[in-house]
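Read through the structure below, which is laid out as structure tokens, and then see the notes.
Quick note: the coordinates plus some simple rules give every number you see, no bench work behind them. What you see is a predicted model, and the numbers here were worked out from it, not measured in a lab. Methodologically, a virtual Cβ is constructed for each residue, glycine included, from the backbone with ideal geometry; neighbour enumeration extends over all protein chains shown.
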Amino acid sequence: MADDTVSGRRVTFADGALYRDGQAFVSVGVNYHPSPTGCDYWREWDGVRIDDDFRRMAEAGLNTVRFFVFWADFEPKEGVYDSTMTDRLRELARTADRHGLLCLPSLLTIWMNGQRFDLPWRDGRDLWRDADLRERQRAFVHHIAAELRDEPNILAYDLGDEVIHVDSRSSAALDAEEVRAWWGMLATAMRDADPDALVLQANEPSAVLGGHAFRPENAERLDLVGLHGFPVWTPFHIESVAARKATAFVPYLVRRGSAHRPVYVDELGSYGCDEATAAQYLRAAAHSAFAAGAVGTAVWCWQDFTTERKPYALRPNERRVGLLDEDGREKDALTEYRAFTELVTGDLAGFRPLPAPVGVFLPEAEPQDEAGYLAPSGSDAPAPFYAHLLLQQAHLPYEFTGRDAELERHALVVCPSARQLSLPDRHRLARYVRSGGVLLYSTGSLLDAAGDEELFGIRVRDFTRAEDAHAGFTWAGVRFPLRWEDGPIPVIDSAGAETLAAFADGSPALTRHRLGEGSVYYLNAPLEAQLNAPYRLQEADWHRLYEAVAEEAGVPVALTADDPSVETTVLGRGDARCGVVINHAPEAVDTVLRRRTPEGAPETEKLLRLEPKGVRLLFWDADGSERRP
């Protein structure tokens with residue numbers, strides 16, 4: 001039973017991490033609606049039930065509860081706030097505080113589980129373009145922050161979970177400056193009412209994968225970004241919840257978002273699988289998200305629902321994804337999350353990602369005035385995801401980067417399956433290479449991304465439709481088969497670059513060009529993008545190409561495994577190091593771990609057996625000696 005006198009202090013934010021009472025802090029929480037009432041809980045209030053649920057959360061080791069402030073309940077008439085609702089909001093926060101739980105309230109809640117819980121007075125007005133409705137939003141978030149300002153256990157405010165889907169056509173039409181202005185208006189209102197407030201806004205994977213401007217790179221007015229993703233809803237042909245790709249998906253989103261703002265995984269979990277599969281998924285995905293740099297996680301959701309009302313009448317499968325079943329029985333997923341919670345708030349507290357020797361360069365999206373048929377065909381989304389998988393399989397520490405970043409701190413930069421590479425991007429990459437960097441570039445478009453003589457040491461001779469003549473190449477003892485999308489295939493000639501591998505027609509497939517102090521590897525094929533098909537990733541040792549280039553670039557790798565399904569991520573805390581070893585495969589593996597030690601000390605080896613989706617931690621000091629956590 002939690003101590004009724006427990007009272008926390010506000011969490012602060014510095015250097016990309018959360019702190020509480022001066023100590024590094026990781027939020028481990030859960031999304032919450034009460035099981036009997038679901039989304040109706042503000043109007044059908046049961047304080048006793050909420051108190052009991054929060055007690056059980058605390059007993060499970062959780063420290064955060066994320067809940068939803070349904071705007072229509074709190075402002076039933078335009079400009080008129082329901083004082084009963086705000087009293088209940090404060091009661092919920094204080095109940096959470098009694099049990100040592102921080103609160104993450106999601107405001108402007110209209111969209112939930114694929115349905116609108118709309119304001120009765122909105123009358124279809126646009127959330128972003130209607131001046132009066134924008135003012136109502138500003139006033140509402142200010143009102144809620146003012147009501148909670150004196151509560152010591154507010155972790156952060158989410159401006160509105162997936163609010164873009166209230167009107168997805170309108171939100172997709174906003175440009176980056178309009179999104180920045182909207183975020184800035186609401187964040188300013190929150191901070192005016194509650195100066196200690198941390199502010200985020202949570203979205204599903206489209207925030208990273210494209211389609212609108214509510215993206216991490218535009219979120220400088222926010223303290224954090226909230227991201228979530230479920231393996232059943234991706235464009236990446238994930239074969240199952242148990243698949244290797246599945247548990248690598250959320251950490252990929254974390255890494256993409258973290259290039260711009262710290263990431264809170266506000267919804268973590270799975271759909272469409274049994275309890276055992278869900279538990280294994282949560283174990284591997286939670287640890288991998290933490291290793292990728294997530295500052296917190298909140299599982300979707302606390303308990304299976306007994307209510308049959310909206311939205312569960314239309315989507316009944318939403319009722320069965322809790323950590324508890326409807327009778328309160330703990331599922332295996334809660335057992336796994338409890339173990340994860342103990343680690344990240346205990347032995348792993350304060351460990352964070354280290355600077356990465358490999359950068360994944362994503363070309364800047366340049367503004368275009370109705371490019372029409374000149375725009376390159378296809379999607380930019382698959383290539384970075386599959387680059388992430390190949391780097392993970394090659395055990396190469398990496399981070400996402402771009403034109404304005406300090407590329408020179410990376411020993412190797414990978415630019416995967418680029419569909420468009422502007423002159424500013426080419427000039428930036430050339431400066432990086434001339435300074436001594438190594439670039440691995442794969443092209444994804446004949447006219448907008450194919451190489452040139454200055455940077456790549458090649459020139460385009462022509463294009464072809466003869467896929468058979470470009471069906472694959474062999475390099476470093478590995479055969480790399482290719483599948484081309486319908487479209488022109490560039491045929492290149494060397495213009496100073498060394499040909500390392502050729503296609504069947506004799507034209508270069510892979511070249512190396514010396515430029516200044518560095519070198520450029522040019523792959524005349526969209527290696528990463530063409531992996532986006534079910535089971536394609538298992539058809540060849542694709543990651544061997546990355547390994548071979550990284551070896552020449554002298555990329556330092558502290559921890560490797562001889563099985564590509566095993567992730568090895570090294571985190572740091574001062575001079576201490578922790579190797580997070582995760583088996584992403586759905587079957588047990590036996591693997592040899594190799595740990596690089598300081599110069600002069602022998603490399604260490606350890607044979608390790610990992611259960612399906614299993615996790616192990618290794619700890620050592622900067623001098624290479626093993627240590628206890």
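Things worth noting here:
- Each Lys and Arg contributes +1 and each Asp and Glu -1, all at the Cβ; summed about the Cα centre of the range 559-621, the dipole is approximately 180 debye.
- Cα gyration tensor, the range 12-350 - rounded (a/c under 1.5), prolate or oblate: rounded
- Kirkwood hydrodynamic radius of the range 559-621, from inverse mean 1/r over distinct Cα pairs, in Å: 12.1 Å
- Translational diffusion of the range 94-238 was estimated from the Stokes-Einstein equation, with Rh taken as the Kirkwood radius over Cα pairs; at 10 °C and 1.306 mPa s the coefficient is 99 µm²/s.
- Zone residues, the range 262-294, relative to R329, backbone N less than 14 Å from point 7 Å out along Cα-to-Cβ: 275-276
- Comparing F230, V581, L18 along the charge dipole axis of the chain, the residue lying farthest to the positive side is V581, per the Cβ-charge model.
- Taking the DSSP bridge list for the chain and keeping only pairs wholly inside it, about 55 percent are antiparallel.
- Available extension along the chain between R129 and F13 is 38.6 nm, counting 0.36 nm per residue and deducting the alpha carbon span.
- Dividing the helix sum by the residues of the chain, where each DSSP H run of 4 or more adds -39500 (n - 2.57), gives a mean residue ellipticity at 222 nm of -8000 deg cm²/dmol.
- Per residue, the convex hull spanned by the Cα atoms of the chain amounts to 154 cubic angstrom.
- E603 versus D51: modelled label distance in nm, points set 7 Å from Cα along the beta carbon direction: 6.1 nm
- Per-residue packing, averaged as other Cβ atoms within 10 Å, sorts the ranges 202-209, 585-592 into the order 202-209, 585-592, beginning with the highest.
- Sequence-separation-based contact order of the chain, relative, with Cα cut under 8 Å and 6+ spacing, percent: 11 percent
- DSSP-loop trypsin sites (Lys or Arg not before Pro) across the range 1-105, with at most 12 other Cβ within 10 angstrom: R9
- Principal axis extents of the C-alpha atoms in the range 74-170 (largest first, rounded to whole Å): 42, 26, 18.
- Under conditions of 20 °C and 1.002 mPa s, the range 1-148 yields 128 µm² s⁻¹ as its translational diffusion coefficient, taking Rh as the Kirkwood radius over Cα pairs in the Stokes-Einstein equation.
- Here the dipole of the chain is about 640 debye; that uses its Cα centre as origin and unit charges on the Cβ of Lys and Arg (positive) and Asp and Glu (negative).
- Two-site label geometry, A471 and A540: point separation in nm, points 7 Å out along Cα→Cβ: 1.2 nm
- The aspartates and glutamates whose alpha-carbon is closer than 17 Å to the alpha-carbon of K77, local same-chain residues fewer than 8 away aside, are D118, D123, D132, E135.
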